[in-house]
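For reference, the structure is listed below as structure tokens.
The values are calculated or read from the model by the stated rules, or taken from the named source; none is laboratory data. Because the structure is a prediction, the values reported are computed rather than measured. Every residue, glycine among them, receives a Cβ derived from its backbone with ideal geometry; neighbour counts consider all protein chains shown. The accessibility values were calculated without ligands, DNA or RNA, using every heavy atom of the protein model including side chains. Shrake-Rupley method; radii C 1.70, N 1.55, O 1.52, S 1.80 Å.
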Amino acid sequence: MAFELPPLPYAYDALGPFMSKETLEFHHDKHHQAYVTNGNNLLKDSGLEGQSLEEIVKASYGKNAGLFNNAGQHYNHLHFWQWMKPNGGGKSIPGDLQKAIDSDLGGYDKFKADFIAAGTTQFGSGWAWIAVKDGKLSIDKTPNGESPLIKGATPILGVDVWEHSYYIDYRNARPKYLEAFVDSLINWDHVAELYAAAAK
Ligand code: MN3
């Protein structure tokens, strides 16, 4: 099954002023498209052509670096667009997810501080996450195109800390970008859906 780039689930200017039209045009149309194009070229004759995207990410890790990097980033970005929405973020979190954040992550304020710290301290390019494993939430960070998938966990929220995700809007101020993501962009309804599916 070939990789495909779906359109953004909102207009390019819908996330302003926290993430600009210019950032989304470059990030979605150029960067994500390149992962799809390169991933499809590397998928040919890899022996993994018939697998799901999740299976390709897990099976290529440590074995086929080129395919892993592009398939991993395709997986991460497919979710990243869904993890944001206009007027998102903040504390209006669906009940079951809020309870899990309270019990597993020490509450909203500690989640926010730890998630921003994970993204800030990821040296170089990568991602910060909330992952679910054995029904419990944890904060994680990974380099490059890796994700909690390769650790046997399920990512339910992730933020891209590659410079292409924030440099146009925030220059080098990665912590300001992460704060805006948490306060104003997170699509908690989507995170809650993934949590419900992963915690079953
Ligand atoms: Mn990116």
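Give me the pairs: first residue in the stretch 54-75 and within 16 Å of the ligand (Cβ to nearest atom), second residue open to solvent by less than 10 Å² (accessible area, probe 1.4 Å) and assigned to a loop (DSSP other than H, G, I, E, B), beta-carbon distance under 7 Å, and six or more apart or on different chains, which are they?
Close Cβ pairs satisfying both conditions: 68/145; 69/145; 72/145; 72/147; 73/145; 75/147.
Kindly evaluate residue 71 against the criterion of being open to solvent by less than 40 Å² (accessible area, probe 1.4 Å) and over 17 Å from the mean Cα position of the chain (by Cα).
In short, no.
Just give me the residues in the stretch 106-122 being away from the ligand (no atom under 16 Å from the Cβ), open to solvent by less than 20 Å² (accessible area, probe 1.4 Å) and not hydrophobic (A, V, I, L, M, F, W, C), in sequence order.
The answer is 107, and nothing else.
Examine the stretch 26-38 for a residue that is open to solvent by less than 70 Å² (accessible area, probe 1.4 Å), modelled with pLDDT of 95 or more and assigned to a loop (DSSP other than H, G, I, E, B), and state whether such a residue exists.
Checked against the condition, which is being open to solvent by less than 70 Å² (accessible area, probe 1.4 Å), modelled with pLDDT of 95 or more and assigned to a loop (DSSP other than H, G, I, E, B), the stretch 26-38 yields no hits at all.
State all residues of the stretch 150-164 that are hydrophobic (A, V, I, L, M, F, W, C) and within 14 Å of the ligand (Cβ to nearest atom); if no residue qualifies, say none.
Of everything in the stretch 150-164, those that are hydrophobic (A, V, I, L, M, F, W, C) and within 14 Å of the ligand (Cβ to nearest atom) turn out to be 159, 161, 162.
Given the structure, is residue 72 outside the structural domain of residue 44 (by TED's automatic domain parsing), on the phi < 0 side of the Ramachandran plot and among the small types (Gly, Ala, Ser)?
In short, no.
Checking the conditions here, which among 138, 103, 147, 125 is out of contact with any Ser or Thr (no Cβ under 9 Å at 6 or more places or on another chain), within 16 Å of the ligand (Cβ to nearest atom) and open to solvent by 30 Å² or more (accessible area, probe 1.4 Å)?
125
Going by the structure shown, is residue 23 surrounded by fewer than 17 Cβ atoms within 10 Å (Cβ to Cβ), more than 15 Å from the chain's Cα centre (by Cα) and either within 16 Å of the ligand (Cβ to nearest atom) or under 27 Å from residue 184 (Cα atoms) (or both)?
no
Restricting to the stretch 76-89, name every residue that is more than 16 Å from the ligand (Cβ to nearest atom), under 17 Å from residue 192 (Cβ atoms) and surrounded by 14 or more Cβ atoms within 10 Å (Cβ to Cβ).
If the condition is that a residue be more than 16 Å from the ligand (Cβ to nearest atom), under 17 Å from residue 192 (Cβ atoms) and surrounded by 14 or more Cβ atoms within 10 Å (Cβ to Cβ), then 85, 88, 89 are the ones that fit.
Among the numbered criteria (1) open to solvent by 10 Å² or more (accessible area, probe 1.4 Å); (2) among the hydroxyl-bearing types (Ser, Thr, Tyr); (3) within 16 Å of the ligand (Cβ to nearest atom); (4) touching a helix residue (DSSP H, G or I) at 6+ places or on another chain (Cβ under 6 Å), which one does residue 167 miss?
Unmet for residue 167, out of (1) open to solvent by 10 Å² or more (accessible area, probe 1.4 Å); (2) among the hydroxyl-bearing types (Ser, Thr, Tyr); (3) within 16 Å of the ligand (Cβ to nearest atom); (4) touching a helix residue (DSSP H, G or I) at 6+ places or on another chain (Cβ under 6 Å): (4).
Inside the stretch 39-62, can you point out the residues that are open to solvent by less than 70 Å² (accessible area, probe 1.4 Å), farther than 13 Å from residue 3 by Cβ and out of contact with any Leu (no Cβ under 8 Å at 6 or more places or on another chain)?
The one that is open to solvent by less than 70 Å² (accessible area, probe 1.4 Å), farther than 13 Å from residue 3 by Cβ and out of contact with any Leu (no Cβ under 8 Å at 6 or more places or on another chain): 47.
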